[in-house]
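See structure below.
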Amino acid sequence: MSSPVRAVVGLALADIRHEWRMSLCLVLAVAAIATPLLLFFGLKYGTLETLRSRLLENPATLELVPVTERLLDEDWFARWRKDPRVAFMVPHTRKLSAQADVRAAEGGGRVRLDLHPTLPGDVLLARYGADNVPDDGCVLSFAAAEKLKVGQGKKLIFTVTREQGRSRASLELTVTGILPVQAGTPASAYIPLEKLEAVEDYKDGRAVPELNWPGQDPVAYMQARGVLLAFEVAPDAMLQASLQLNTGFARLKKVESPDVFPALPSGRIVYRLTSLGRGAGENNFLALEEKLRGCGVFLAPLFAGVEFLLPGDVLLRGQPATGAESGPLLQAMSGLSSLSAWTDRNLRSFPRVMLVPASVPGGEVSVTAQVAGHEERRLTFRVTLAPHPEVPEGTALAPQAMLGQLSLLEERTLRDGRNSDGSPAFLLGRRGYSSFRMYASGMDAVAPLAADLEKEDMRISTKADRIEEIKSLDAGLSLLFWIIASASSLGGTACLLSSIYASVERKRREFAVLRLLGLHGVRLGLFPLVSSLALTLCGMAASLGMFHAMAGTIGIFFARHLEEGERVCALGFPEQAGAVLVAACLAVLAGGAAALRLNTIEPSESLRDE
């Protein structure tokens, strides 16, 4: 800073000290204008932030609850999980089947609880530190824990009934967490999704081998697109018509050069019989066999394009081993008998053996099956590979029942498991779910998500009205604040400008002397600018001091209504710094106007007037 500028700044500060009574009045005037604004803004900011944080901290605000139920497949869930507006989503079973009678393992009365699914990352449970529920665990709502009179770490017995209570199954789970009353959920338990699926399966009459719950095994069934019929003699018109009557097949067509199966008998007259609807199943083939009994017809099913991915990224196209019993491949397929005989046993059970080309290593390995064009649905299972020189390259000969069941991957998921007697089996995966639990990533995403879901014919219940109330209150208070702030700023600027301007007029002679001494232009204009800025900053300092004192007092009055970390009146550092910066800009504006007036004073005229 140059000496003249330093001298002007020193003179301006000395003048403030000299006229301390006038300066004090200006400081108090600035504080009187700024303090109410800071308090109003602090109340708006603190109250709305408290309401906003309460809404955000309560996951129920962000929850989208489906009112109606419909079948939702895995593709639907995968699509919505990719939406950045969705923070968490988990499928839900039918609400009517998601109930159980629960009691404490140590004894006590039974309580009927609603069951809800959970997965890692559950927004609701994570908010209260109860997420990552283990497979043998559950989380209770506050109401449920009160009714059961249990705490964390206690074991519960969940009893599921079906057939109007004639059949019962039980499951023991450990309480790993209890939600506080603020969570707002009724008497309910949050259990892993697979456990809730098991409850629904049992209520629907299906067995749950993993939990030793009896019922009908959900074993995959065979499905074929059609069948090749190899006749020794051409079928007559009556037989052709009979094959398309009450069999589930239609469109019988002669095939001139079939090359579908390596072991298809030669010298036969081959026809293709196409299935109706989704595909031919066990009953269709049994009906077809009955009509072909005694005709000496060779049947070869036509399945979907099943592919097998072997270790080493070897991809083989699956073909039925039908006809292998008539050739040297029979010995390699030890354990298979009468592959072309359509019996209930062959349609449902099969050895896990596949014949592969000689170039493929043999042994028991894990393979992944998929249907061409539907690679999103895959099934991995253990199978024994038997290399054989007669198997063409790129081909895997598998039991026809295996390929028939794997053909279901074209339309639904399968899983590898065991049936009730412990035998390995392909089990039917779920076609879908009836409902879901969904939480939005933020308050602004709730309404758009609900609107998009309703476009898919769903009725959604949300807390969007509560969110809109907060937004409307925020917008209204913001408008009111800026109106008051604008009026106060204009008044404060006018007050400061008039005071500084009057000070310049009162000290015309002194400023004239300074101009005669060589201070003029910008350097002399710094005098009112520094005075205005210094007085304003002092006023803002006093205003901030009074604001913090009054904000603390308000906080004491409302302490019993607030939770830890919440405040009714508060301003963050950026807001306080912004207020000081705005006041400084207004001070510069007032000082600049006075400086312009100062530079219009002629020294000789001022001295002559004196």
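The values are calculated or read from the model by the stated rules, or taken from the named source; none is laboratory data. Predicted model, so just to flag it, every value in this text is computed and none were measured. All Cβ positions, glycine included, derive from the backbone under ideal geometry; neighbour counts span all protein chains shown.
Scan the range 138-154 for residues that are among the basic types (Lys, Arg) and either in contact with a Cys (Cβ under 7 Å, 6 or more places away or on another chain) or loosely packed, with under 14 Cβ neighbours inside 10 Å (or both) and jot them down. Write out each step before concluding.
Initially, the range 138-154 is screened for residues among the basic types (Lys, Arg), giving 147, 149, 154.
Within the range 138-154, just 149 meets the criteria.
Suppose the filter is closer than 30 Å to residue 399 by Cβ and crowded, with 17+ Cβ neighbours inside 10 Å; does residue 207 pass it?
Values: closer than 30 Å to residue 399 by Cβ: yes; crowded, with 17+ Cβ neighbours inside 10 Å: yes.
For residue 207, the condition - closer than 30 Å to residue 399 by Cβ and crowded, with 17+ Cβ neighbours inside 10 Å - is met.
Does the range 246-260 contain any residue that is of a type outside the set (D, E, K, R), buried (at least 20 other Cβ atoms within 10 Å of the Cβ) and more than 30 Å from residue 127 (Cβ to Cβ)?
Yes: the range 246-260 contains one or more residues that are of a type outside the set (D, E, K, R), buried (at least 20 other Cβ atoms within 10 Å of the Cβ) and more than 30 Å from residue 127 (Cβ to Cβ).
Table: residues versus (1) buried (at least 18 other Cβ atoms within 10 Å of the Cβ); (2) among the hydroxyl-bearing types (Ser, Thr, Tyr); (3) not in a strand (DSSP E or B).
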| position | (1), (2), (3) |
| --- | --- |
| 42 | yes, no, yes |
| 45 | yes, yes, yes |
| 68 | no, yes, yes |
| 100 | yes, no, no |
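Could you tell me how many of the residues in the range 399-436 are in contact with a helix residue (DSSP H, G or I) (Cβ under 8 Å, 6 or more places away or on another chain) and either farther than 21 Å from residue 220 by Cα or in a strand (DSSP E or B) (or both)?
9
Does residue 458 satisfy the condition of being in a loop (DSSP other than H, G, I, E, B), within 21 Å of the chain's Cα centre (by Cα), surrounded by 15 or more Cβ atoms within 10 Å (Cβ to Cβ) and of a type outside the set (D, E, K, R)?
So residue 458 fits the description; yes.
How many residues are at pLDDT 90 or above, loosely packed, with under 15 Cβ neighbours inside 10 Å and closer than 14 Å to residue 113 by Cβ if we restrict to the range 180-202?
The qualifying residues number 0.
Look through the range 74-96, keep the residues that are charged (D, E, K, R) and under 29 Å from residue 113 (Cα atoms), and return whichever of them is modelled with the lowest pLDDT. Break it down into steps so the answer makes sense when it comes.
Of the range 74-96, the ones charged (D, E, K, R) are 74-75, 79, 81-83, 85, 94-95.
Okay, now just the ones that are also under 29 Å from residue 113 (Cα atoms), so 74, 81, 94-95.
Working: 74: 84, 81: 92, 94: 90, 95: 87.
For the range 74-96, the residue satisfying everything is 74.
So residue 451 fits all but one of (1) small (Gly, Ala, Ser); (2) surrounded by fewer than 16 Cβ atoms within 10 Å (Cβ to Cβ); (3) touching a residue at least 12 places away in the same chain (Cβ under 8 Å); what number is the exception?
(3)
Across the range 261-300, what is the total count of residues that are crowded, with 20+ Cβ neighbours inside 10 Å, modelled with pLDDT of 80 or more and closer than 17 Å to residue 223 by Cα?
Result for the range 261-300: 5.
Got a sec? Which helices (runs of 4 or more DSSP H) wholly within the range 185-294 have at least 1 residues that are touching a strand residue (DSSP E or B) at 6+ places or on another chain (Cβ under 8 Å) and among the small types (Gly, Ala, Ser)?
Hits in the range 185-294: 193-203.
Filter the range 406-443 for residues that are of a type in the set (S, T, N, Q) and within 33 Å of the chain's Cα centre (by Cα); which is surrounded by the fewest Cβ atoms within 10 Å (Cβ to Cβ)?
Top of the filtered list is 441.
Take the conditions closer than 23 Å to residue 77 by Cβ, surrounded by 17 or more Cβ atoms within 10 Å (Cβ to Cβ), modelled with pLDDT of 90 or more and not hydrophobic (A, V, I, L, M, F, W, C) and apply them to residue 131. Does it pass?
So residue 131 does not fit the description; no.
Return only the number of the condition from (1) farther than 24 Å from residue 435 by Cα; (2) at pLDDT below 90 that residue 177 does not satisfy.
Residue 177 satisfies every listed condition except (2).
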